[in-house]
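The values are calculated or read from the model by the stated rules, or taken from the named source; none is laboratory data. Owing to the predicted nature of the structure, the values given are computational and were not obtained by experimental measurement. Here Cβ is always computed from backbone atoms with ideal geometry, including for glycine, and neighbour counts include all displayed protein chains. When the accessible area is computed, the model is the full protein with side chains, heavy atoms only, and any ligands, DNA or RNA have been set aside. Shrake-Rupley method; radii C 1.70, N 1.55, O 1.52, S 1.80 Å.
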Amino acid sequence: PPMPRVRSDAVTSDQDIDVAVREFDGDSVLTGSFSGTLTASAPRRIEAERAVFVGVDLTGCDLSGSRFYDCEFTNCVLDGTRLVGVRMDGTRFDTCSLAGVDLAESDCLNVIAVRSKLSYCNLSSAILTRVVIDGCPALDVAFDGSQLRDVRLTNCQLDGSTFHKAGVHATSQLDLRGSNLDRVAGLLGIGALLIDSAQSVPIAALLLAERRVEISDDPPPAAG
């Protein structure tokens, strides 16, 4: 069932993120503006709504199962943060570092990431709906088993990223225009792709490689 969007017991004042999360009792909602560093200790599940995180450091924290509604992250560090099974709805990341963040089995709706680092992220078995990742280094990201609908991975460095057993919804395309696709694997059979003309040769090479089709202009050996 959908989570409630408004609660009368919401925390509203600007706070240090460590204090706010430590005092979170599971029945309130974090809202307002937050800064500071969250101590990486025991796993914590939180719910945030209309919260603005500026310069917050969540490095190595475990916030799996948390909920973020209409939130903004600006100049934040989430390197190695564990966000398994989180729900994000209307969340924006701007100029953030999310290297190695674990978003496996997450449900991301109306999420935008710009000018942010997403390399080595794990998005395995995630559900991505109306997600835009634009202009971001996203090397070696795992999209394996993910479900993609109206997703844009544009102007990104996707080198080495994998899409094994991922699927694009029948009514949409995976928009890869402007992105570097070196060593990307698993695109064969994913569904509809949208690429630009400059990507036609590298994408063809990737698909041929997945079919184990080798191109050689060397003459065949002489018979017998």
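Gaussian network model of the chain, Cα springs within a sub-10 Å range: biggest mean-square fluctuation belongs to which of Arg67, Arg130, Arg152? Highest fluctuation among the options: Arg130. Counting protein heavy atoms only, the chain has 52 percent of its accessible area on carbon and sulfur, 1.4 angstrom probe. Using C-alpha pairs below 8 Å separated by at least 6 residues, the relative contact order for segment 22-71 is 39 percent.
Centroid-to-centroid, using Cα positions, segment 16-49 and segment 52-80 are 10 Å apart. Per residue, the accessible area of segment 1-144 comes to 42 Å² when a 1.4 Å probe rolls over the protein heavy atoms. The trypsin sites (Lys or Arg not before Pro) of segment 155-224 that DSSP puts in a loop, and whose beta carbon has at most 12 other beta carbons within 10 Å, are Arg211, Arg212. Just checking my list [x] 1.35; [y] 1.09; [z] 0.99 against Rg/Rh (Cα atoms, Kirkwood Rh) computed from this structure; which label fits? From the options [x] 1.35; [y] 1.09; [z] 0.99, the structure gives [y].
Which one, Ser197, Ser124, Ser64, has the greatest fluctuation when you compute a Gaussian network model over the chain with C-alpha springs under 10 angstrom? Looking only at Ser197, Ser124, Ser64, the biggest GNM fluctuation is shown by Ser197.
Helix-only arithmetic for the chain: the sum of -39500 (n - 2.57) across DSSP H runs with n ≥ 4, divided by the residue total, places the mean residue ellipticity at 222 nm at -2500 deg cm²/dmol. Enter the angle in degrees (range 0 to 90, nearest 10) between the Cα long axis of helix 200-210 and the first principal axis of the Cα atoms of the chain, meaning the one along which they spread out most. Roughly 80 degrees between the two axes.
With contacts taken as Cα pairs under 8 Å at a separation of at least 6 residues, the chain carries a relative contact order of 9 percent. Here the relative contact order of segment 115-191, from alpha carbon pairs under 8 Å that lie six or more residues apart, stands at 27 percent. Charges were assigned to the Cβ only: +1 to each Lys and Arg, -1 to each Asp and Glu. The resulting dipole of the chain about its Cα centre is roughly 420 debye.
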